[in-house]
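Data block below; observations after.
The values are calculated or read from the model by the stated rules, or taken from the named source; none is laboratory data. Remember, predicted model here, so these are calculated numbers, not experimental data. Cβ placement follows ideal geometry from the backbone for every residue including glycine, while neighbour counts extend to all protein chains displayed. Only protein heavy atoms, including side chains, enter the accessible area calculation; ligands, DNA and RNA are left aside. Shrake-Rupley method; radii C 1.70, N 1.55, O 1.52, S 1.80 Å.
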Amino acid sequence: YRLVGNEMGDTASVADDARLIRSEVERCSEILRQMSGRGGEPTGEFPTRIGLRKICTQVKDGLASGKANLIDVRVAEDAITVLPPNATRQALQALVKNALEASTNGKHISLAAQCAEGRVAFTVQDSGSGMAAETLRRISEPFFTTKGTGRGLGLGTFLVRLFAERLNGSLTFESEAGAGTTALLELPLRHDGKG
C-alpha cells in the first residue's frame with residue numbers, strides 16, 4: 001500500500017484502489033487457507049452432516065437485514081447431506097451477493113436447494129438484466145468483472161467454481177439479456193462423509 005502511494009502519488013483514487021486490492025487479497029488468502037487446510041480435506045474443513053434448509057437459512061441470515069428480506073429460500077425437501085459447511089456457505093453467499101447486485105429496485109432473488117440423481121443442486125436466481133453471451137462465457141474467469149472500478153476484482157465467482165470442482169461438483173450459469181441469471185452450484189450428495 002505505501003509503495004503504491006509513494007510511487008504514484010498519494011491521491012485518494014490510488015489509495016482507494018490499494019485498499020480494495022489489499023482487501024481482496026486478504027479475502028482470497030483466507031479462502032485459499034481454508035481450502036488447503038487440515039486433514040487433507042479439499043476445502044480445509046471436515047465435511048459435516050447438514051440439512052439443506054439449514055444451510056440456505058444460514059446464508060440468508062448472514063446478510064444485512066435489508067438484504068436478507070429480499071431472499072426467498074425454497075427447499076424442495078429438507079434432505080441431510082455431508083458438506084464442508086463454512087466453505088459451502090461462503091460459496092452460496094458469493095452467488096447471492098452477485099444476484100443481489102444484479103437485481104435492482106428491491107427485487108427479490110431466489111435461493112433454492114434440492115436433491116436429484118445423487119447431487120445437491122443449489123440455484124440462485126436473480127431478476128436482473130441478464131448477461132450477454134460473451135459475459136456469460138467469461139463469468140468464471142479470474143479477474144473478470146462487469147462491476148465498476150472499486151467494486152470488486154472478479155474473484156468471487158472464480159473461487160466458487162474452484163470450490164465446486166474440488167468437491168467433484170460444478171458451477172454453471174444460465175442467462176439471457178433482459179431475463180435475469182440463474183447460477184447452479186451442483187455438489188455430490190453424500191450421506192456418510194465418504195462420497
If I filter the stretch 84-93 for residues that are touching a Ser or Thr at 6+ places or on another chain (Cβ under 7 Å), at pLDDT 70 or above and assigned to a helix (DSSP H, G or I), do I get at least one hit? yes
On the basis of being touching a strand residue (DSSP E or B) at 6+ places or on another chain (Cβ under 9 Å), farther than 16 Å from THR88 by Cβ and modelled with pLDDT of 75 or more, does THR135 make the cut? no
What about ILE71, is it under 19 Å from the mean Cα position of the chain (by Cα), within 20 Å of VAL160 (Cα to Cα), at pLDDT 90 or above and of a type in the set (A, V, I, L, M)? yes
What's the total number of residues in the stretch 149-171 that are open to solvent by less than 40 Å² (accessible area, probe 1.4 Å) and at pLDDT below 80? 4
Taking only pairs six or more apart or across chains, which ones have beta-carbon atoms under 6 Å, a first residue in the stretch 77-103 that is over 14 Å from ARG190 (Cβ atoms) and in contact (Cβ under 8 Å) with a residue 40 or more places away in the chain, and a second residue that is open to solvent by 10 Å² or more (accessible area, probe 1.4 Å) and of a type in the set (D, E, K, R)? ASN86/GLU45; ALA99/ASP126; ALA102/ASP126; SER103/ASP126
Inter-residue pairs, beta-carbon under 7 Å, first closer than 13 Å to THR81 by Cα and in the stretch 109-120, second of a type in the set (Phe, Trp, Tyr) and assigned to a strand (DSSP E or B), 6+ apart: ALA113/PHE122
